[in-house]
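Asker: Quick one: this structure, given as structure tokens, is what I'll be asking you about.
The values are calculated or read from the model by the stated rules, or taken from the named source; none is laboratory data. Only a predicted model underlies this, so the values are computations on that prediction, with no experimental measurement involved. Cβ placement follows ideal geometry from the backbone for every residue including glycine, while neighbour counts extend to all protein chains displayed.
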Amino acid sequence: MPETMSYSGSCHCGAVAFDVDLDVSGALKCNCSICTRLGAVWAFAPKASFKLKSGAAEQGDYQFGKKSLHHRFCTRCGIESYAEGTMPDGTPTVGINLRCVEGIDVDKLSPKDWDGRSQ
Ligand SMILES: [Zn+2]
């Protein structure tokens with residue numbers, strides 16, 4: 001059952017920190033070249049539900065492939081805590097690396113597999 005809750009997340013050093021309203025029942029893991037390296041488990045939210053609390057000046061912006069996503073990583077500690085993109089309907093969206101979110105036990109979720117490698 002979809003259940004949106006408020007969470008806080010950050011990079012490792014804490015420079016990049018955010019609040020976000022998320023429904024973790026839609027969690028995904030992806031087999032693309034970056035997600036396999038990151039080991040990330042993702043959940044997605046409209047960008048309107050995301051508030052960057054700190055770290056705007058500390059962030060890098062990594063893009064590859066079709067460059068449809070902005071992978072946001074901390075330039076101090078290197079951790080990618082979220083990515084930004086756009087849904088097919090044009091809605092600005094964030095993908096949150098659930099391993100960077102407080103209060104979520106990723107191992108208790110059952111993330112669906114997403115075949116990002118073939119996209
Ligand atoms: Zn950091």
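Asker: Return yes or no: is Val106 under 17 Å from Glu3 (Cα atoms), touching a Ser or Thr at 6+ places or on another chain (Cβ under 7 Å) and surrounded by 14 or more Cβ atoms within 10 Å (Cβ to Cβ)? Let's see the steps before the verdict.
Answerer: Numbers: under 17 Å from Glu3 (Cα atoms): yes; touching a Ser or Thr at 6+ places or on another chain (Cβ under 7 Å): no; surrounded by 14 or more Cβ atoms within 10 Å (Cβ to Cβ): yes.
No: the conditions fail for Val106.
Asker: Which residues, counting only those in region 26-77, are surrounded by fewer than 19 Cβ atoms within 10 Å (Cβ to Cβ), within 15 Å of the ligand (Cβ to nearest atom) and among the basic types (Lys, Arg)?
Answerer: Once the filter is applied, which keeps residues that are surrounded by fewer than 19 Cβ atoms within 10 Å (Cβ to Cβ), within 15 Å of the ligand (Cβ to nearest atom) and among the basic types (Lys, Arg), region 26-77 yields Lys53, Arg76.
Results for (1) modelled with pLDDT of 95 or more; (2) assigned to a loop (DSSP other than H, G, I, E, B), shown as yes or no for each residue.
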{"position": "Ser25", "(1), (2)": "no, no"}
{"position": "Ala45", "(1), (2)": "yes, no"}
{"position": "Gly60", "(1), (2)": "yes, no"}
{"position": "Lys67", "(1), (2)": "no, yes"}
{"position": "Cys77", "(1), (2)": "yes, yes"}
{"position": "Gly90", "(1), (2)": "no, yes"}
{"position": "Thr93", "(1), (2)": "yes, no"}
{"position": "Asp107", "(1), (2)": "no, no"}
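Asker: Any idea which residue in region 11-25 is farthest from the ligand (Cβ to nearest atom), counting only those that are of a type in the set (Val, Ile, Thr) and closer than 20 Å to Met87 by Cβ?
Answerer: Val24
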